[in-house]
Structure formats: structure tokens, C-alpha cells
Amino acid sequence: MSLDPSMINLTAITAPPFIGIILNWGLFGILSLQVYFYFQAFLNDRKPLKFVVGGVYIFEVVQTALMTQTAWNQSVSGFGNLAVYDEIGTAWLSVGCIGGLVGLLVQTFYAYRISVFSKNRIIPGLVVLMALTSFAGALSVAVNTKREGKFSILLAEPNESFTFTTIGLWIGTRSACDLVITACMCYYLHAFKKYGSFSKTQDLLSKLVRMTIETGMLTASISILTLALYYAPRFKNLSYFQITLSAEAKLYSTTMLAVLNSRMKVGVASESTTWLDNELVFTLPRSTQDTRGIKVDLSSSAGSVHHVNIPVRKDEEHGE
């Protein structure tokens, strides 16, 4: 494909992939920290749940590696050649297949949580069905993208109509599924608050409701924004939708880990008003059975050392 720089908007072509890889790497760093905290604090979680967390993280590592390779080809080895931005490369695998699979795993995880709270299979079954439909749309996009090989061919007739439909099936169903999950979780958590007579239980349920609303609305909003950037006539033939689409898988993984790690409780065992924080060293416990928690050494400018214990414990009552 021959591109004439005088007839195109260079920023519209080069900026979306660049911003997308930055967002992807930033969210990958947050996700890595969340995964580390999870496996440090919740060693006694059920093995299937730990397999899901580990599997999602492995998929995210592979996606980040593939997207970094694409960024290298565009910005380093192919620098100055605008035709490389038209090449699909491994985007069909990193965004279509892996992104769709991560979304399926995370939404299935929420379906399981809804089944635990609701004690029925109808609504969780609906959530799983919507997640599978979204994944089918993602696979359709991935297969078609791989076959065409270039964005210019993918977004031109007669492929445009098929891509238009499958993108809507993938992202649209995913957005609807997120909204259903958020509404159901909020409903059942609010219902459970009626049976909690202790302030500790009420506070925990309020925290879960708030966390559910925040994470669910975040993922749904990003999916809706992706649809808007793809379908809006103003952005037709532009690739701004790549920015949000590149970050969606990481958002799903990060929000799932944020919900799991919300069971972690951190409290300060002692306080002092004489600390001068020149050095701050954290030592994480190797096991959740270690009730000593996090040991913090604070060295003051006067040479004295203050020891503080910050216990980190698992909420057994609401653990997975």
C-alpha cells in the first residue's frame, strides 16, 4: 500500500498505536503488582481460582510481548515507513484472541461470584452466555483480521460490513455483560447487607458494593468508548479505537485482581509523631499465617531506628 504523507493525517495514524502500547505497559505494571500481592496474601485460596489468576497473567505477559514487538516494528525497524502502520502483524492474536479470552475468563469469574450470592443458575448462566457470545465475536474479528493482513483491506468493502458487525458483537455484548454483572452484584450485595448486624460486616459489604460499581462501570465505559470511536462517522477510517481496544484486556485483569485483593486488610499496630522518614524498608511476610504482618523500619536522622508492625491478614469469612 502506497501512502502519500501530504494527503494523510500522520498523527491519526501514528498516535493510537503509540498511546495504546504506553497504556498497555502501564496497566501491566499495575497488574504485576496486584498479582504479587495476591499470591503473597492468599496462599490458601482454592486452586481453580489461583489457576485463573495465573493463567490470566500469563496471557497478559504474552499480549504485552506481542504488542511490544509490533511497536518495535513500527517505531524502530520500520521508522519512517508509514506502510508498517497498515500491517496487522500479530494484532489479530494479541488483541483479538488473547483480549477476547481474558474477557471471557474475567466475566466467567464474576458469573461464579453471582452464583455464590444468588444461589441460582439462571443469571450466572446468562452472564456466561453473553461472555461466550462476546468471545465468539472476538474470534471472528481475529480470524478475519489474520486473513486480510492489512487494516486498509479490513476496513474497506466488502470486508467493512463484516468487520462492522463482528466488532459490534464482540464489544457490544461485552459492554452489556459488564452492565449486567454490575447490576446483579450490587443488587445481591445490598440484599446481603440486610442480614449483617455487625458494623464490620456492613463496612465490608459497602466496600464490595463500591468496588463492584467502580470496576464494572470502568470496564463498561471503556468498551462503550471503543464502540463510539469505531462507529462514530467523525472517526470513520481513523484508528483511534485502537487506544482503548489495546488496554481493555489489562483493565479486565486489573479490576479482577483489585476485587480479589480487596479482602486484604492493612492496619497500623502502633503510631508515633517523632518519625523522621529518611529510610523506609518493607519486609513482606512469606505466608498469610504469619501474623507479624509487614515489618517497617524507619531510620531517623538522629540515628535511632523505630520498628512498626503493619499486620496483613486474610478475611477468612469472605475469602475465596
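What follows is calculated from the coordinates using simple rules that are stated; it is not laboratory data. If you're wondering where the values come from, they're calculated on a predicted model, not measured in any experiment. As a convention, Cβ positions derive from the backbone with ideal geometry for all residues, glycine included, and neighbour counts pool all protein chains shown.
Miscellaneous remarks
- Going from the residue with the fewest nearby Cβ atoms within 10 Å to the one with the most, Ile123, Ile213, Ile21 rank Ile213, Ile123, Ile21.
- Segment 7-262 shape via C-alpha gyration tensor axes, a/c threshold 1.5: prolate
- Alpha carbon centroid spacing (whole Å) that separates segment 110-138 from segment 57-90: 33 Å
- Directionally averaged projected area (segment 1-159, Cα convex hull): 11.8 nm².
- Between Met264 and any residue 5 or more places off or on another chain, the built amide H atoms are never under 5 Å apart.
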